[in-house]
Amino acid sequence: MSVLIVGGGIGGLTTAVALHQVGITAHVYERAPELREVGAGFTIWSNAMKGLREIGLEKQALARGAELKRFHTLSPKGNVIDTEEMESIYRTADATSICIHRADLQQILADALPSEQIQTGKECVGVEQQAESVTLSFSDGTRAEGEIVIGADGINSAVRASLFGTETLRYAGYYCYRAIAKTNELPADEAIFGMAKGVQLGFFPFGRESQTYWFVCPNAPIVRGTNESRFDHKTFLSSIANPLPSHLGHIIRNTPTEDLIIGNVFDRPPRSTWGLGRVTLLGDAIHPTTPNLGQGACMAIEDGIVLADSIRRADNHITALRQYEQKRKRRTAMITRQSWRIGKIYQYENPLLVHLRTLTFRLPIAGWIGRKTQQRLLSSTLPKL
């Protein structure tokens, strides 16, 4: 069997490694000239750690990431209003959670594949289906033919566009600053999350020594996030940092402007059709989600495990793809919708709603609901490979 994967990110590489583990060769085509260090940190929650376990990479991820044992929630004034110990949740989920640099996890996955199975500098510009095969066309004039094509090429997926045409992204109403700060002022296993008027923020320990991953998501029209070069981002971020405890404010203020990654936050409403014929999609290519549950990369990892299992079990390639899609639609749609709704709460601007939100987070019932939500997200069951 010949499987072609468009996209060498977390989802595409996870799928290739999972297929490799069950004896199926997949070739990965990545548009970037190399698998270079881009992006910032993200959380790999227990549900995705179990996916990495299935492909034999959980220990490597643990070694490169920082385990998250405790979460603190801050009020708009910078005071701790809730602390969540994660041990019982992880015990129920049967795995821990980590924060890791995207590039580190990408390298772990790439190293698990024979080097000849990954080709860089391959921008997909066309997908043509025949009765018994699929052909990819690349911007350099080359082509590749296989029996299955998997589009794992992100939120602006060329494979998705080849199937369904141009579809509009949904702007969440806020953008995001992300950065890696060269400081280790946080405890090694504690994360901090905060909400104020029209903004949410977070600080995470990082697998890399003496570094902290942080983000700030403020409400704004879409243009302000990335296109307005006249906007003074450092002054704005300093105003966000002012109410915070001094060590957290220091992290934001001392991050150089050139180290900031600024991006608008988009998703797409869940789609009923994921693929056609010998082509399917996974990860952000089909279910991009807002970052409020930290499940974007986790969903891509889950997709890869389920897809590999479906391909190895089915006698018919097309049947395998439709079975995978059916297995994944409900869970990914639930997470996309829930993340969107939670984001609206996190980004409240109305002073009364902000005050009520703070009061709610102080209540024991809020912690109970949070734990139940986390358990539902993290205790998913994946197939054994």
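FYI, it's all coordinate maths here, none of it is from the lab. From a predicted model like this one, the values you see are computed outputs, not experimental measurements. All Cβ positions, even for glycine, are placed from backbone atoms using ideal geometry, and neighbour counts span all protein chains on display.
Summary of computed values
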| quantity | calculated |
| --- | --- |
| Residues listed by number, region 148-163, amide nitrogen under 17 Å from GLU128 label point at 7 Å toward C-beta | 148-149, 159, 162-163 |
| Net +/- balance of residues flanking SER379 in space, Cβ distance below 11 Å, scoring K and R +1, D and E -1 | +3 |
| Degrees between helix 10-21 axis and first principal axis of the chain (Cα, 0 to 90, nearest 10) | 50 degrees |
| Highest-MSF residue in the chain out of ALA220, ALA95, ALA61 [GNM, Cα springs under 10 Å] | ALA220 |
| Neighbour net charge for GLU167 - beta-carbon separation under 11 angstrom, K R +1, D E -1 | +4 |
| 20 Å cut-off, amide nitrogen to a point 7 angstrom out along HIS250 Cα→Cβ, residues in region 192-214 | 192-194, 202-214 |
| Net charge of neighbours whose Cβ lies under 12 Å from the Cβ of GLN130, counting Lys and Arg as +1 and Asp and Glu as -1 | -3 |
| Region 223-331: trypsin sites (Lys or Arg not before Pro) in DSSP coil with no more than 10 other Cβ atoms inside 10 Å | ARG230 |
| Region 349-385: trypsin sites (Lys or Arg not before Pro) in DSSP loop, at most 15 other beta carbons within 10 Å | LYS384 |
| Added length on full extension, which subtracts the Cα-Cα distance from 0.36 nm per residue, ASN156 to SER210 | 16.0 nm |
| Among ALA32, ALA131, ALA112, residue whose mean-square fluctuation peaks in a GNM of the chain (springs only between Cα atoms under 10 Å) | ALA131 |
| Nonlocal Lys pairs with alpha-carbon distance under 18 Å, the chain (8 or more apart, or different chains) | 11 |
| Region 144-151 - phi-based ³J(HN,Hα) in whole Hz, Karplus 6.51/-1.76/1.60, Gly and Pro as x | 9, 10, x, 8, 9, 10, 10, x |
| Among SER157, SER139, SER46: highest mean-square fluctuation, GNM of the chain, C-alpha pairs under 10 Å | SER139 |
| Distance (nanometres) between label positions extended 7 Å along Cα→Cβ at ARG371 and GLN119 | 5.2 nm |
| Using alpha-carbon coordinates, inclination of helix 317-346 to the longest axis of the chain, degrees | 10 degrees |
| Cα-projected label distance for PHE164 with GLU185, points at 7 Å along beta-carbon direction, nm | 4.3 nm |
| Between helix 296-313 and the chain: long-axis angle, C-alpha atoms, 0 to 90°, nearest 10 | 20 degrees |
| Fully extended contour minus Cα-Cα distance, from GLU145 to THR273, at 0.36 nm per residue | 43.7 nm |
